[in-house]
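The values are calculated or read from the model by the stated rules, or taken from the named source; none is laboratory data. Keep in mind that this is a model prediction, so the values were computed, not measured. Quick reminder, even Gly has a Cβ in these numbers, built from the backbone with ideal geometry, and neighbours come from all protein chains shown.
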Amino acid sequence: MTAQLPSNPSELWNPNRQRSKQIQAAVKLICSGFALISVVTTFGIIATLIFETIEFFKQVPIWQFLTDTRWTPLFASKQFGIFVLISATFLTSMIAIGVALPLGLLSALFLSEYAKPRTRAILKPVLEILAGIPSVVFGYFALLTVTPLLQSFIPGLQGFNALSAGLILGVSITPLVASLSEDAIYSVPNSLRDGAYSLGATKRETVISVVLPAALSGIVASVILAISRAVGETMIVTLAAGQNPTLGLNPFVPIMTMTAFIVQVSMGDTPTGSIAYLTIFAVGMTLFLITLVLNIFSFWFVRRFREKYD
């Protein structure tokens with residue numbers, strides 16, 4: 001039996017695609033719905049932070065929040081100096097980026113510029129396995145292994161301290177710096193490398209003078225993203241750095257970061273609506289604003305200094 005051809009030859013070139021259009025419209029609607037859920041959730045989180053933070057500042061003057069030198073919202077004598085927590089967060093984050101930046105950037109350079117394709121295909125997934133280790137494991141490793149090791153040759157280092165927390169935090173964010181930086185370096189066109197070689201540049205000179213400047217925007221974006229990750233880390237600093245709100249930048253003593261305080265209050269029987277309960281949102285809003293500023297700077301820097309190649 002032979003199939004009948006349409007009586008109008010134009011139907012061969014203009015088939016009925018009504019069902020296909022309906023399916024596409026349904027897929028578009030579903031995808032738009034999921035995207036809308038993420039947007040609404042984000043606005044809901046921000047709105048919750050804003051409203052609860054306003055309630056906090058109705059009881060605590062913002063000037064006191066910014067100028068007090070102690071953080072004791074759970075004590076009888078309550079003080080709310082947020083810079084005590086900010087200084088601790090800054091300290092652990094800077095130690096972490098001091099570890100992650102050289103390790104991650106050098107790993108990215110090796111994988112992109114010096115490793116053979118087969119070696120790169122093996123080592124990059126192995127490096128990224130570190131990103132899959134739970135942060136609580138890193139925290140206990142810092143507390144039970146790294147701290148005793150550091151105490152053996154650093155006199156005065158206490159059991160809970162910012163140094164071991166920052167070092168292990170740096171190890172945990174190294175895959176982020178390495179992976180994103182390697183992608184940025186690897187995407188630099190080979191024509192730039194060939195041009196440098198044709199002018200007599202060595203491998204080292206090509207990497208330092210040509211490849212790294214061309215990939216600068218991607219590298220900076222990876223570093224800022226890693227800093228944001230370090231600022232928002234919870235379990236490592238909670239387990240290894242302690243929960244002692246101390247103003248200063250001494251890495252050998254216990255400290256309390258913003259995330260560690262949120263964990264401390266959230267684990268207790270804090271009455272809803274109390275001043276201790278509202279401090280969670282005030283600290284959370286501060287943390288949100290810090291990461292927002294970092295992300296805005298990263299977005300601006302990438303747009304300002306990104307190299308475009310045809």
Notebook entry, point to check: Quick one: Asp194 ticks every box in (1) free of Cβ contacts under 8 Å to residues at least 12 places away in the same chain; (2) under 13 Å from Leu109 (Cβ atoms) bar one, so which box is it?
Noted result: (2)
Notebook entry, point to check: Only one residue in Leu106, Leu101 is of a type outside the set (Lys, Arg) and buried (at least 19 other Cβ atoms within 10 Å of the Cβ). Which one?
Noted result: Leu101
Next item on the list: Sort out for me the helices (runs of 4 or more DSSP H) sitting completely within the stretch 215-310 that have 2 or more residues that are basic (Lys, Arg) and surrounded by fewer than 19 Cβ atoms within 10 Å (Cβ to Cβ).
Entry: 275-305
Next item on the list: Could you check how many residues of the stretch 109-138 are surrounded by fewer than 14 Cβ atoms within 10 Å (Cβ to Cβ), more than 18 Å from Leu225 (Cβ to Cβ) and not hydrophobic (A, V, I, L, M, F, W, C)?
Entry: 7
Check: On the given criteria, is Ser112 of a type in the set (S, T, N, Q), touching a helix residue (DSSP H, G or I) at 6+ places or on another chain (Cβ under 7 Å) and in a helix (DSSP H, G or I)?
Finding: yes
Note to self: Against the condition loosely packed, with under 13 Cβ neighbours inside 10 Å and without any contact (Cβ under 8 Å) to a residue 40 or more places away in the chain, how does Phe153 come out, does it pass?
What the structure shows: yes
Next item on the list: Tell me, yes or no, whether the stretch 42-54 has at least one residue that is surrounded by fewer than 20 Cβ atoms within 10 Å (Cβ to Cβ), touching a residue at least 12 places away in the same chain (Cβ under 8 Å) and touching a Lys or Arg at 6+ places or on another chain (Cβ under 7 Å).
Entry: no
Next item on the list: For the stretch 28-86, enumerate the residues that are among the aromatic types (Phe, Trp, Tyr) and assigned to a loop (DSSP other than H, G, I, E, B).
Entry: Phe75
Notebook entry, point to check: Which ones in the stretch 230-239 are farther than 17 Å from Met267 by Cα and either modelled with pLDDT of 90 or more or of a type in the set (Val, Ile, Thr) (or both)?
Noted result: Ala230, Val231
